[in-house]
Structure formats: C-alpha cells, structure tokens
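The next block holds one structure in the form of structure tokens; read it before the comments.
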Amino acid sequence: MIMDNFIALMIASHDTTSILLSLMVWKMSRDPEVYQKILEEQMGILENREGREEKLTWDDIQKMKYTWRVAQELMRTIPPLFGSFRTALKDTTFGGYVIPKGWQVLSVTHSTHMDKDIFDNPMEFDPSRFENSSKRISPYTYVPFGGGLHKCIGNEFTRVETLTMVHNLVTQYEWTQVHPEEVITRQPVPYPSMGLPIKIKPRTML
Ligand code: HEM
C-alpha cells in the first residue's frame, strides 16, 4: 500500500511535469512568435532584477503571465493526462445515460477542451484565451488538473516549476531542435516522437 502510493505520486508528479516542460521546449522551438514573446517577457524580468536579487523571486513568477498562458494553452490542446476516472457511488443518470452503482466512468479531457461551444476555434493555438477576457471559462471545462475533491494537489507547484525552468532556459541558453518535423504522439501520455533532442549552447548576450 505504501509502495503503491509512492509509485502513484512519482508518476503523478514526475511524468506530468516533465511532459509539460518538454511541450514548452517543443513549442518554443517551432513557433518563433511564441518564443519571441516568452523571451521578451523573461528578459524583462531578468533586467528588472539585475543589481537587486540574484535569484528569481515570488513576485517575478507572478509577472510571467504570457509564459504561463502558453503552458495553459499547451495543456488545453495536448493535456498531459487524457482524463480522470470516477466510480458511481449510487445509481446515477447523466445526459440520458444510466450509470449503475459501482461502474467506473472516464471523463475525457479533450471532450471539453476541444468543444467549440466552450473554446472558440478550439484547433487554434491561442494563449490569449486565458487572459481575463469577457468570455469566462466555465468551471469544470478546462480540466488539465482534473476537478472536484480529487483535483491535482500539484497544480500550483507545476506553475512555479515550469516558469522557473523556462526562465532559466531562455535567459541563459539558445537551442535548436534536431528534428524540426518532430510530432507529439501518445503512449498513453504525450511524448515527442523522436525524444526531442536539441542542440544547446550558452546564450550570446548582445
Ligand atoms: C503538468 C503537471 C500535472 C498535471 C497535468 C496533473 C494532472 C493531474 C490530474 C488530471 C489528476 C486527477 C484529478 C482528478 O481525478 O480529478 C491529478 C491528480 C493528482 N496529482 Fe497531478 N498533475 C500534475 C502535476 C502534479 C505534481 C507536480 C504533483 C505532486 C507534487 C501531483 C500530484 C497529484 C496527486 C497526489 C494526485 C491525486 C489527488 C487525489 O486523488 O486526491 N500532480 N493530477
């Protein structure tokens, strides 16, 4: 039982965040507009810090709004986990279907993430949909971290880890993708089809 919980925690925390970090590197490598905006945001944070703080601060993390929106949009279009299981504790009806007590139901993340009535032009990669806009995202429709009582406990940690890693990567290094044509497959979690090799070197400051 203890081993079981440790293995679950390792998979829940390690595989998911390493997928998101890989997706960030993959996206920045192939989308110059997204990369440029992330670079500007992160360089701005670095410049503001110079002479004051050596390391990233909590306030810096809060300023990384565009970078996090890219991560959010990646998790909408390529959710690290494809869904969550729930067991019916009593006979239930949902959407005209009878779900008998004891049955397991899989709620599939893409079913709302790719619904055009919830997200306009769902196939389009648009980080701005996570800005505080007039179109509010209804509860339980954007669910990369699940929802309800068993919602992921690591979502805030994920944000800090992802933003810290991206900040250090883009401000200190430059890289190119070895296989620019590389796609993301599912096995069953998203995985770069060629392992995402990159050529990386320290950033040359102008
Ligand atoms: C990109 C990063 C992550 C994603 C996409 C993710 C996604 C999810 C999802 C979809 C669930 C199921 C929620 C549900 O059933 O409604 C979950 C549960 C869980 N996650 Fe995460 N997770 C991430 C990172 C983490 C991290 C960093 C940790 C730990 C440090 C973590 C620990 C857990 C645990 C313990 C549960 C089970 C919660 C429960 O059953 O009450 N996750 N996560």
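What to note about this one:
- Residues that are within 16 Å of the ligand (Cβ to nearest atom) and under 15 Å from residue 174 (Cα atoms) were ranked within segment 1-50; the one that is nearest to the chain's Cα centre (by Cα) is 24.
- Subset of segment 185-197 [modelled with pLDDT of 95 or more and in contact with a helix residue (DSSP H, G or I) (Cβ under 7 Å, 6 or more places away or on another chain)]: 190, 192, 196
- Some residue of segment 165-180 being in contact (Cβ under 8 Å) with a residue 40 or more places away in the chain, open to solvent by 40 Å² or more (accessible area, probe 1.4 Å) and within 19 Å of residue 15 (Cβ to Cβ): yes
- Test: residue in segment 74-95 that is open to solvent by 30 Å² or more (accessible area, probe 1.4 Å), of a type outside the set (A, V, I, L, M, F, W, C) and on the phi > 0 side of the Ramachandran plot: yes
- So residue 159, is it open to solvent by less than 40 Å² (accessible area, probe 1.4 Å), outside any loop (DSSP other than H, G, I, E, B), within 13 Å of the ligand (Cβ to nearest atom) and of a type in the set (Lys, Arg): yes
- Which numbered condition residue 89 misses (of (1) modelled with pLDDT under 95; (2) within 16 Å of the ligand (Cβ to nearest atom); (3) in a loop (DSSP other than H, G, I, E, B)): (1)
- Residue within segment 193-202 that is small (Gly, Ala, Ser), closer than 28 Å to residue 42 by Cα and without any contact (Cβ under 8 Å) to a residue 60 or more places away in the chain present: yes
- Residue ID - most open to solvent (accessible area, probe 1.4 Å), chosen from residues in segment 102-149 that are more than 13 Å from the ligand (Cβ to nearest atom) and aliphatic (A, V, I, L, M): 123
- Test for residue 173: is it within 13 Å of the ligand (Cβ to nearest atom) and of a type outside the set (Gly, Ala, Ser): no
- Total residues in segment 14-69, condition touching a helix residue (DSSP H, G or I) at 6+ places or on another chain (Cβ under 7 Å) and assigned to a loop (DSSP other than H, G, I, E, B): 3
- In segment 181-199, the qualifying residues are those that are open to solvent by 90 Å² or more (accessible area, probe 1.4 Å) and part of a strand (DSSP E or B), and the one that is farthest from residue 110 (Cα to Cα) is 199.
The values are calculated or read from the model by the stated rules, or taken from the named source; none is laboratory data. Just so you know, these numbers come straight off a predicted model, no measurement behind them. Every residue, glycine among them, receives a Cβ derived from its backbone with ideal geometry; neighbour counts consider all protein chains shown. The accessibility values were calculated without ligands, DNA or RNA, using every heavy atom of the protein model including side chains. Shrake-Rupley method; radii C 1.70, N 1.55, O 1.52, S 1.80 Å.
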